[in-house]
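To start, the structure under review is shown below, and the notes come after it.
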Number of protein chains: 2
Amino acid sequence: MNASIPSNAIKRLTLYHHILSDCLLKGNEYISSQHIAELLKIDDSQVRKDIALCAASGKTKVGYAVLELKKAIERLLGFREQKAAFIIGAGNLGSALAKHTDFQDYGLDIVALFDNDPTKIDTFINGKKIYPLPKLYQVATHENLVNKRKVEIALLTVPAAAAQKSAELLTQSQIKYIWNFTPTILSVPDNVRVCNENLVGNFLDFTNN
Amino acid sequence: MNASIPSNAIKRLTLYHHILSDCLLKGNEYISSQHIAELLKIDDSQVRKDIALCAASGKTKVGYAVLELKKAIERLLGFREQKAAFIIGAGNLGSALAKHTDFQDYGLDIVALFDNDPTKIDTFINGKKIYPLPKLYQVATHENLVNKRKVEIALLTVPAAAAQKSAELLTQSQIKYIWNFTPTILSVPDNVRVCNENLVGNFLDFTNN
């Protein structure tokens with residue numbers, strides 16, 4: 001993906017992509033920037049500016065060809081380069097994320113989960129196996145265990161008290177990106193990137209504006 | 001809360017708040033902007049700029065008083081004004097959100113859940129009762145049913161196919177804010193605000209930068 005796309009444009013483009021998928025389901029072949037803008041209650045000029053990043057162009061009075069625009073967004077945002085990921089913590093949130101069908105469409109392929117609960121080990125969620133957490137290093141570094149693919153991304157959904165210890169295990173297991181759904185601020189080496197999924201911040205921003 | 005605070009500053013301030021809570025647990029009375037910046041791998045000057053929004057000031061060589069700064073952030077972001085909310089959909093994600101202890105600390109009080117699964121009705125998650133979804137209007141408009149409090153916020157976690165219908169039920173039930181965790185773009189009247197919780201967008205932004 002092109003690293004020069006601003007964060008907010010990426011987020012809006014994924015929402016346009018949702019809308020376009022919905023159009024295809026309904027059999028609509030064209031959509032106008034005005035229609036997208038109305039659905040998201042944002043400015044029409046913003047929509048056109050974002051779409052221009054994909055080098056897609058609309059036709060006067062008809063709008064954008066839905067399928068073409070959808071593919072252009074996918075190319076721009078790199079949805080087609082599948083990246084394998086682990087989920088650490090198979091509780092409610094971990095399970096919900098493992099079932100999140102959207103991820104696969106957008107290039108994130110959850111290949112396995114890890115948990116400490118013996119009753120969960122060797123069971124499956126949405127076709128993905130749950131391994132014992134202490135085996136993380138072994139599973140992560142023996143590529144043949146999980147589809148022979150290198151896994152560099154982990155979604156961390158363990159309880160807050162277990163977060164730092166899990167992050168250390170991830171670091172030892174050659175994970176490079178930790179998507180942190182816990183409220184704990186993790187301390188990791190400089191070569192590991194943490195994205196704090198800050199639901200509370202999103203909520204405050206929402207009710208504030 | 002002060003409506004002039006930029007979205008990104010709100011998100012960073014909630015992360016600083018996480019760090020300060022952790023400091024208090026560890027018995028640390030002071031923290032420097034450099035330390036916060038290092039933990040989040042952001043720029044020190046950014047941290048000082050954000051903290052200046054709270055009108056909190058640090059002491060040379062000692063840093064900020066943790067408890068004082070924590071309270072200043074709470075005042076600035078309005079964490080102490082509790083807002084009541086419903087969760088629509090008591091599946092994995094709804095259950096995870098109902099158990100999310102952070103929300104209450106940040107002013108979001110989940111008072112009830114709604115679902116269509118008869119085996120879930122009248123059960124409790126984290127002390128919160130699950131009501132039948134068709135009773136939403138009745139529960140929402142008879143304030144005495146739920147702590148005699150007016151509820152204007154709903155977290156929507158139903159399957160995508162049920163999202164629009166649920167949004168219509170929410171609109172009829174006088175909900176003003178829908179925090180949409182489904183991938184469906186909702187069509188709602190102008191007096192209802194929708195916040196699309198765009199996990200996929202967050203992920204793409206994360207692995208892109």
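Descriptive notes on the structure:
- Most simply put, the protein assembly as shown has about 20% antiparallel DSSP beta bridges, counting only bridges with both residues inside it.
- Distances between placed amide hydrogens fall under 5 Å for A:N116 paired with A:A90, A:L133, all partners being 5 or more residues away or on another chain.
- Of A:V192, A:L40, A:V66, farthest towards positive along the dipole that unit charges on Lys, Arg, Asp, Glu beta carbons give chain A: A:V66
- Within-14-Å neighbourhood charge of A:F206 [Cβ basis; K, R +1; D, E -1]: +3
- Distances, shortest first, from the label point of A:T60 to those at the same position in the other copies read 6.8 nm; the point lies 7 Å along Cα to C-beta.
- Residue-by-residue Karplus 3J(HN,Hα) for the stretch A:169-184, coefficients 6.51, -1.76, 1.60, Hz, glycine and proline x: 4, 5, 4, 5, 9, 6, 6, 9, 10, 10, 8, 8, 8, 8, x, 7
- Antiparallel DSSP beta bridges within chain B, as percent of all bridges there, nearest 5: 20 percent
- Here the alpha carbons of the stretch B:83-201 define both size measures, Rg and Dmax, at 13.0, 39 Å.
- Percent of beta bridges antiparallel (DSSP, the stretch A:83-201, rounded to nearest 5): 10 percent
- Peptide A:183-190 is shielded by partner chain Cβ atoms: per residue, an average of 4 of them sit within 10 Å of its Cβ.
- A crude spin-label estimate for the pair B:N28 and A:E29, with each label 7 Å from Cα along the Cβ direction, gives 6.2 nm.
- Whole-Hz Karplus values for the stretch A:91-105 come out as x, 4, 5, x, 5, 4, 5, 5, 8, 5, 5, 4, 3, 4, 4 Hz, taken residue by residue from phi with 6.51 cos²θ - 1.76 cosθ + 1.60 and θ = phi - 60°; glycine and proline positions read x.
- Estimated [θ] at 222 nm from DSSP helical runs (n ≥ 4, -39500 (n - 2.57)) normalised by residues in the protein assembly as shown, nearest 500: -12500 deg cm²/dmol
- Leading residue at positive end of dipole, chain A (Cβ point charges), from A:N28, A:G127, A:G201: A:N28
- Scoring A:120-126, A:44-50, B:104-110, A:193-199 by mean Cβ neighbours within 10 Å over their residues and listing the highest first yields A:193-199, B:104-110, A:44-50, A:120-126.
- Cut-off under 5 Å, modelled amide H: who pairs with B:L155 long-range: B:F86, B:I87, B:I88, B:W179
- Label point distance in nm, A:S187-B:R149, each placed 7 Å from Cα along Cα→Cβ: 3.6 nm
- The distance from the alpha carbon centre of the stretch B:49-97 to that of the stretch B:105-165 is 25 Å, rounded to a whole number.
- Alpha-carbon Debye profile of chain B, log10 I(q)/I(0) at 0.09, 0.16, 0.17 Å⁻¹: -0.44, -1.08, -1.15
- Cα-based reach from A:K135 at 25 Å (exclusive), listing lysines while leaving out same-chain residues under 8 positions away: A:K83, A:K99, A:K120, A:K148, A:K150, A:K165, A:K176
- A simple packing score, the average count of other Cβ atoms within 10 Å per residue, orders the peptides A:86-92, B:35-41, A:133-139 as A:86-92, B:35-41, A:133-139, with the highest score first.
- Scalar couplings 3J(HN,Hα) for the stretch B:35-49, obtained by applying the Karplus form with A = 6.51, B = -1.76, C = 1.60 to θ = phi - 60°, are 5, 4, 4, 5, 4, 9, 6, 10, 7, 4, 5, 5, 4, 5, 5 Hz; x denotes Gly and Pro.
- Intensity falloff of the stretch B:7-77 expressed as log10 I(q)/I(0), Debye formula with alpha-carbon point scatterers, at q = 0.14, 0.15, 0.19, 0.25 Å⁻¹: -0.34, -0.40, -0.66, -1.24
- Inter-chain shielding of A:55-65 (mean C-beta neighbours from other protein chains, 10 Å cut-off): 0
- Calculated Rg and Dmax of the protein assembly as shown using C-alpha coordinates, Å: 21.8, 65
- Distance (nanometres) between label positions extended 7 Å along Cα→Cβ at A:L67 and A:A37: 2.8 nm
- Inter-copy label distances at A:A160, shortest first and taken from points set 7 Å along Cα to Cβ: 3.4 nm.
- All other residues whose Cβ lies under 12 angstrom from that of B:E74 are scored, Lys and Arg at +1 and Asp and Glu at -1, for a net of +1.
- The stretch A:29-153: C-alpha gyration tensor shape, a/c 1.5 cut-off, then a/b vs b/c: prolate
- Among B:V200, A:V111, the order by Cβ neighbours within 10 angstrom, fewest to most, reads A:V111, B:V200.
- Förster-model FRET efficiency, 22 Å R0, B:E168 and A:N8, C-beta, rounded to 0.05: 0.15
- Average beta-carbon neighbours from other chains, 10 Å sphere, peptide B:7-17: 5
- Cross-link partners for A:K49 among the lysines, with Cα-Cα distance under 21 Å and sequence neighbours closer than 8 places in the same chain left out: A:K11, A:K41, A:K59, A:K61, A:K70, A:K71.
The numbers here are math on the coordinates, done by the rules we state, and not lab data. Note that this is a predicted model, so its numbers are computed, not measured. Please note: Cβ atoms are built from the backbone with ideal geometry, for glycine as well, and neighbour counts cover all protein chains shown.
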